[in-house]
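Shown next, in structure tokens, is the structure this report addresses.
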Amino acid sequence: MSIEIKNVCKNYKQTTALDNINLTIDNNKIYGLFGRNGVGKTTLLNIINNRIFPTSGEILIDGENVKKSSKALSKIYMMSEINLFPKEMKIKTLFKWIKSFNSEFDINKANSLLTCYKISDNIKIRGLSTGQSTILKLIVGLCINKPYLIFDEPVNGLDANHREQFYRHLLEKYIEDPCTIIVSTHLIDEIANIVEEVIIIDNGKIVVQKSKDEFLSEGFAISGKSDIVDEFAKNYEIIDCEQFGMTKTIYVIGDIPDLIPNEIEISQLNLQKLFIKLTNQREG
């Protein structure tokens, strides 16, 4: 079981949004889809979900073309920034409506999450705040129980507490009922502990598709007293550095050496810093 993206291109007049994308999304993994604004992330997700059509290429869900197979398309649910729910509908009616089209929708779990987020099921969609509207879309995504779930910028408009709640609920869902999850977000650090695979798009092309651990192994972080850390890092390509009093942390590209001074500490590279370095480098 997988999503296969084969030679997908998308052109808008003189603009190439996606340039010959080839990608395989394997079963039962959590993917982080990263990229700067306007590089083609949402375009790709909309094509996967058949909301827009590619200029060329095809999307296969478990071997079936999404343009030709309603069965293939029924295996995907995409939560996006656009609110497609009827504004005059109450939440409890919305849940029943969704259930009528999606037998796998778990109403009991959805109502339980509403309680968790302190939202009444008697409110009309138009009466929700921006944050509540986002939470409602997330709840539907968490309870739809399809093999492939896509979350495009899922936590926009949420405060830190609600974002943390969502990440916890997402991980709980994955553990209880494994499925394939794609999360596209700018808040890379916040989901770094959740994602297993990293996909980075830049200027309409896939520039990274690796496991998170493999991607992060391209460098490491060095911490300790400033002068010792500076001396140790001088032969490496430096991504970034942070100073906290007498302690300094430098993020570098390269392999961890066999001999490490006792005065310094080596730790895993920061995912967001590596992403920024990569995309800035390509821009330059």
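What accessible area per residue comes out for segment 1-137, rounded to a whole number of Å², with a 1.4 Å probe? Show your work: numbers first, answer last.
Values: 7050 Å² over 137 residues.
Solvent-accessible surface per residue comes out at 51 Å².
Nearest-5 percent of antiparallel DSSP beta bridges in segment 94-232? Walk me through the numbers before you get to the answer.
Values: 6 of 11 bridges.
Bridges in segment 94-232 are about 55 percent antiparallel.
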Centroid-to-centroid separation of segment 49-66 and segment 175-253 [C-alpha atoms, Å]: 32
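Under a Cβ-only charge scheme (Lys and Arg +1, Asp and Glu -1), can you give me the dipole magnitude of segment 1-117 about the Cα centre, in debye to the nearest 20?
The dipole magnitude comes to about 380 debye.
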Between their Cα atoms, which of Lys29/Lys75; Lys234/Lys273; Lys41/Lys137; Lys68/Lys99 are more than 22 Å away from each other? Lys68/Lys99
Rank by packing, highest mean first: peptides 218-229, 144-155, with packing defined as the count of other Cβ atoms within 10 Å averaged across residues. 144-155, 218-229
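Could you provide, to the nearest whole Å², the per residue accessible area of segment 194-245 with probe 1.4 Å? Provide the component values of the computation, followed by the final result.
Working: 2540 Å² over 52 residues.
Accessible area per residue: 49 Å².
Using the Cα atoms as the points, what is the convex hull volume per residue of segment 189-234 in Å³? Before the final figure, lay out the partial values.
Working: hull volume 5.7 nm³, N = 46.
Hull volume over Cα atoms, normalised by residue count, gives 125 Å³.
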Anchor Lys118: aspartates and glutamates whose Cα lies under 16 Å away (excluding residues fewer than 8 positions away in-chain): Asp159, Glu164
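Report the trypsin sites (Lys or Arg not before Pro) located in segment 86-147 that are in a DSSP loop and have at most 16 other Cβ atoms inside 10 Å of their Cβ, or state none.
Values: sites: Lys87, Lys90, Lys92, Lys96, Lys99, Lys109, Lys118, Lys124, Arg126, Lys137; in loops: Lys87, Lys118.
Filter output for segment 86-147: Lys87, Lys118.
Can you give the percent of C-alpha pairs in the chain whose distance is more than 28 Å?
Everything past 28 Å amounts to 45 percent.
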How would you order 239-247, 167-175 from highest to lowest mean count of nearby Cβ atoms within 10 Å? 167-175, 239-247
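Taking the Cα centre of the chain as origin and charging only Cβ (+1 Lys, Arg; -1 Asp, Glu), how large is the dipole, in debye to the nearest 20?
Numbers: 34 positive and 37 negative charges, 401 e Å.
With Lys and Arg at +1 and Asp and Glu at -1, about 1920 debye.
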Need one number: the % of Cα-Cα pairs in segment 142-284 sitting beyond the 19 Å mark. 60
Plugging the Kirkwood radius over Cα pairs into Stokes-Einstein for segment 126-200, at a temperature of 10 °C and a viscosity of 1.306 mPa s, what D comes out in µm²/s? 123
How large is the dipole of segment 133-191 about the Cα centre if only Lys and Arg carry +1 and Asp and Glu carry -1, each at its Cβ, rounded to the nearest 20 debye? 200
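Over segment 131-284, with every protein chain in place, what whole percent of the accessible area is carbon and sulfur at 1.4 Å, could you tell me? Don't jump to the answer; show the numbers that get you there.
On the way: 3370 of 7200 Å².
Using a 1.4 Å probe with all protein chains present, segment 131-284 comes out at 47 percent carbon and sulfur.
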Farthest toward positive dipole pole in segment 230-284 [+1 Lys/Arg, -1 Asp/Glu at C-beta], among Thr247, Asn280, Asn235: Asn280
If the cut-off is a Cα-Cα distance under 18 Å, which aspartates and glutamates reach Lys248, setting aside same-chain residues fewer than 8 apart in sequence? Asp227, Asp230, Glu231, Glu237, Asp240, Glu263, Glu265
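Give me the percent of DSSP beta bridges within the chain that run antiparallel, rounded to the nearest 5. Intermediate results must be reported in sequence, preceding the final value.
On the way: 40 of 57 bridges.
So the antiparallel bridges amount to about 70 percent of the total.
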Calculate the FRET efficiency for Ile194 and Glu4 from the Cβ-Cβ distance with a Förster distance of 25 Å, rounded to the nearest 0.05. 0.55
What aspartates and glutamates does Lys87 reach when the alpha-carbon gap must be under 18 Å and sequence neighbours fewer than 8 apart in one chain are set aside? Asp121
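Which percent of the accessible heavy-atom area of segment 5-122 goes to carbon and sulfur, probe 1.4 angstrom? Write out the running numbers ahead of the final one.
Working: 3020 of 6210 Å².
Answer for segment 5-122: carbon and sulfur cover 49 percent of the accessible area.
The values are calculated or read from the model by the stated rules, or taken from the named source; none is laboratory data. If you're wondering where the values come from, they're calculated on a predicted model, not measured in any experiment. We place every Cβ from the backbone using ideal geometry, glycine too, and count neighbours over all the protein chains shown. Surface areas here come from the heavy atoms of the whole protein model, side chains and all, with no ligands, DNA or RNA. Shrake-Rupley method; radii C 1.70, N 1.55, O 1.52, S 1.80 Å.
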